[in-house]
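See structure below.
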Amino acid sequence: MVEQLFGSKTRVKLLQLFYTNPNRSFYVREITRQIDEQINSVRRELANLLSVGIIVSDNANNRLYYEVNQKYEHYDAFHSIFGGGVVKRKKAKKGEEVKEEVVVAEPADELKALGNVELALYSGQFTRDETAGIDFLLVGDVNMKALENYVSELEKKEGKDIRYAVMTTDNFTYRRQINDRFIIKVLEAKKQILVDKHNLLEGK
């Protein structure tokens with residue numbers, strides 16, 4: 001039904017990929033691997049999505065990257081269809097521009113198997129913002145053996161080494177309260193939030 005409404009299976013897969021991964025950038029071959037479609041079909045549909053403003057592109061490291069355009073006028077509507085999460089926006093003081101939109105997706109089933117994950121996010125290589133210094137952060141009561149297996153599978157899937165950090169909720173909260181440099185860098189970096197059960201990112 002959705003494929004009929006939006007014209008093609010590849011287009012629907014692309015919309016699902018982009019709207020479930022806000023703030024994350026992908027290059028063409030990475031996209032074809034993620035959605036398992038032919039590269040010519042992917043290129044054609046990327047051009048269509050670019051032409052109407054649903055996605056944006058950017059050149060970096062001799063590669064053309066694509067990501068969802070969060071300023072697109074129908075972003076919230078499309079996210080409700082393809083994103084499967086709740087849209088939350090940072091409040092800005094009067095006259096200030098909202099610099100970042102935070103999208104909290106439903107907790108991924110794989111993350112539930114790691115233990116009580118309170119917060120999980122992608123940054124670094126996933127969002128092309130190296131200021132965080134890491135690619136993957138988990139906060140909560142995490143089974144380390146399960147986490148090692150998870151990261152190993154993620155590295156195979158993504159085709160790259162993943163730098164990650166894990167800490168307890170109390171440790172994260174304390175380090176945030178004392179303005180720990182590492183935590184501040186992570187919070188200020190471009191990121192994709194996978195799980196934030198109790199709004200840890202909004203707390204102080």
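Data table
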quantity	calculated
Residues (among the β-branched types (Val, Ile, Thr) and out of contact with any Lys or Arg (no Cβ under 9 Å at 6 or more places or on another chain)) located in the range 50-64	VAL52, ILE54, ILE55
Selection within the range 112-154 - surrounded by fewer than 20 Cβ atoms within 10 Å (Cβ to Cβ), closer than 16 Å to ARG24 by Cβ and not hydroxyl-bearing (Ser, Thr, Tyr)	GLN125, ARG128, ASP129, GLU130, ILE134, LEU154
Hits in the range 18-54 (condition: under 24 Å from LYS160 (Cα atoms) and buried (at least 20 other Cβ atoms within 10 Å of the Cβ))	PHE18, TYR19, THR20, ASN21, PRO22, ASN23, ARG24, SER25, PHE26, ILE31, VAL42, LEU46
ARG24, sole failed condition from (1) modelled with pLDDT under 90; (2) assigned to a loop (DSSP other than H, G, I, E, B)	(1)
Any chance LEU119 is assigned to a strand (DSSP E or B), at pLDDT 90 or above and more than 26 Å from LEU147 (Cβ to Cβ)	no
Residues located in the range 145-199, provided they are among the aliphatic types (A, V, I, L, M) and without any contact (Cβ under 8 Å) to a residue 60 or more places away in the chain	ALA146, LEU147, VAL151, LEU154, ILE162, ALA165, VAL166, MET167, ILE178, ILE183, ILE184, LEU187
Condition check for LEU201: within 21 Å of the chain's Cα centre (by Cα), of a type outside the set (Val, Ile, Thr), over 24 Å from THR32 (Cα atoms) and not assigned by TED's automatic domain parsing to the domain that holds GLY115	yes
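The values are calculated or read from the model by the stated rules, or taken from the named source; none is laboratory data. Bear in mind the structure is a predicted one, so any value in this text is a computation, not a measurement. Virtual Cβ from ideal backbone geometry, glycine too; neighbours counted across all protein chains shown.
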